[in-house]
1. Counting only trypsin sites (Lys or Arg not before Pro) that are in a DSSP loop and have at most 13 other C-beta atoms within 10 Å, tell me the longest site-free stretch of the chain.
2. Near residue 83, which lysines are there with a Cα under 28 Å away, not counting those fewer than 8 places off in the same chain?
3. Along its three principal axes, how long is the chain when you only count alpha carbons? Whole Å, largest extent first please.
4. Give the angle, between 0 and 90 degrees and rounded to the nearest 10, that separates the Cα long axis of helix 3-29 from the longest principal axis of the Cα atoms of the chain.
5. Placing +1 at every Lys and Arg Cβ and -1 at every Asp and Glu Cβ, with all other atoms neutral, what dipole size does region 3-84 have around its Cα centre, in debye to the nearest 20?
6. Helix 36-55 versus the longest principal axis of the chain: what angle, 0 to 90°, nearest 10, using Cα atoms?
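Here, each number is a calculation from the coordinates, and none is a lab measurement. Bear in mind that the values here come from a model prediction, so they are computed numbers and not experimental data. Don't worry about glycine lacking a Cβ; one is built from the backbone with ideal geometry, like all the others, and counts go over all protein chains shown.
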Amino acid sequence: MIWQDIVIAIANDLFGYSLAYQVYIGFKEKKGPIALQTSLLTAVGLYAVSVSFLTLKLYFSTIVSMFTATMWLFLLIQGIIYKKA
């Protein structure tokens, strides 16, 4: 394991932590306050970064980045579902 993997994983973990509350509030209040384009492009970009981390054998960064990308995907889904409601 290299030190960069730890630093990247910690930074992505903080991003994921901050998003988890946003996802919770979205489900609780039945609102999708983030623009669909923002959540879509961020989720796709983070999944691409996750694959890049995997090819570099930065396993912790891969896992945490995938979690953060999934949180953005949840925000995208909330935006789609709650916009129709």
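1. Working: sites that count: 30, 57.
Formally, the longest exposed-site-free interval is 1-29.
2. Hits, sequence-local ones excluded: 28, 30, 31.
3. 46, 20, 13
4. Approximately 10 degrees, to the nearest 10.
5. Details: 6 positive and 3 negative charges, 82 e Å.
Rounded to the nearest 20 debye, it is 400 debye.
6. On a 0 to 90 degree scale, this one is about 20.
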